Amino acid sequence: MKSSKKRSRAVVTVVACILAVCLVAALVLFSLVNSKVRALQKGAAFEFSYNITAQDSSSTPALYNILKQVGATSGDVAGLYSPGQLQLYLYPSGGLARAETGGTDFFTDLYIDANDTYFDAGRLYRTLRDSIADSAPLVGAFLPEWSLPNYITQAQLAKILGVPNTQVAMQEMSGYTMTLSRQCIVHPDYAKKDYTYYQFPSEGEDAAVLVVGLPLKSLLFDDTIPVDVHVEIPAHGVNAALSGTLEAGVNSLSAPVSVISDSDIDSIVQLRERLEQFADLINTALKRVQ
């Protein structure tokens, strides 16, 4: 009888020990996840390949049209995140890998915060000018050098394009905070194996819908975390799919200071009209040849 009681007490002790170990393990894992999430909330660096599509194939949204005209609806993007701020560098497809080995440089960049969006128009123009000069030297010879400050604001871009400011504004993309609440878990059709997906809270009918998927095992044990990101942006009529990695890190970001004055925007409009005239001349010449 005593032997039976001893065995019972031993079983209870073993079970209690196992439960204690499980509890400690759960607390450790929870602490690791919380620590990594807090680090990501403070800042991160990321590298993605991306693809952007129009939500309605029968229309061409202003922002999508810009990307389409410069061949940037797909490619690579590297960037830095700090609370309320984003810095993005856009590369042609495969350009990020080439840049890391001393090859292709990014063709433009964007800075986004809660107040404004800045587009590097100067770098983009020089990239396009060099491309035209390489393929059509005679045409390239007529295109002037860029002599203005590099960046334009979203209001200036909207004025150049003749569209409402809301069609180029991107403030909401800088305001997300990394959170892995169980209530935010979703199960999209595009889910990758072993990835858990979270839909970030959004407000308003036209608010962007951000869904982020990541393998929780990687979140626990790896510094560089694989990520699958999907964004629906009704205000711009586009969807974006991004796949790559991110790594926690504190960044010091600030708005560009080399910004074009409003008085120079008219010059940009004239430059755009000149480019359009060249394009019309080329198209007319090609039709005559045919």
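The numbers here are math on the coordinates, done by the rules we state, and not lab data. What you see is a predicted model, and the numbers here were worked out from it, not measured in a lab. Every residue, glycine as well, gets a Cβ built from its backbone with ideal geometry; the counts of neighbours run over all protein chains shown.
Given the Cα-Cα distance of GLU247 and GLN69 and 0.36 nm per residue of separation, how much length would full extension add, in nm?
Going from the current span to full extension adds 60.9 nm.
Summing Lys, Arg as +1 and Asp, Glu as -1, what charge do residues with Cβ under 13 Å from the Cβ of LYS159 carry, LYS159 excluded?
Summing Lys/Arg as +1 and Asp/Glu as -1 gives -2.
To the nearest 0.05, what FRET efficiency results for ASP134 and THR60 with a Förster distance of 25 Å applied to their C-beta separation?
Numbers: r = 27 Å, r/R0 = 1.08.
Computed FRET efficiency for ASP134 and THR60: 0.40.
Once every Cα of segment 44-129 carries one equal point scatterer and solvent is ignored, give the base-10 log of I(q)/I(0) from the Debye formula at q = 0.19, 0.21 Å⁻¹, two decimals.
Taking Cα atoms of segment 44-129 as identical point scatterers yields -0.95, -1.12.
Going by average Cβ neighbours within 10 Å, how do the peptides 265-278, 152-165 rank, with the highest at the top?
Going by the mean number of other Cβ atoms within 10 Å, highest first, we get 152-165, 265-278.
Which aspartates and glutamates, on any chain, are close to LYS192 with Cα under 19 Å apart, when same-chain ones fewer than 8 places away are left out?
Hits, sequence-local ones excluded: GLU47, ASP222, ASP228, GLU232.
Does segment 42-289 come out rounded, prolate or oblate, given a ≥ b ≥ c as the square roots of the eigenvalues of its C-alpha gyration tensor, rounded meaning a/c under 1.5 and, failing that, prolate meaning a/b above b/c?
Note, shape of segment 42-289 comes out prolate.
Whose amide H sits under 5 Å from the amide H of VAL238, counting only residues 5 or more places off or on another chain, with H placed in the peptide plane?
Those qualifying (amide H under 5 Å, at least 5 residues apart or on another chain) are GLN55, ILE233.
Please sort 243-251, 186-194, 49-57 by packing, taking for each peptide the average over its residues of neighbouring beta carbons within 10 angstrom, highest first. Could you put the intermediate results ahead of the total?
Working: 243-251: 16.4, 186-194: 10.2, 49-57: 14.9.
So the peptides 243-251, 186-194, 49-57, ranked by packing, come out 243-251, 49-57, 186-194.
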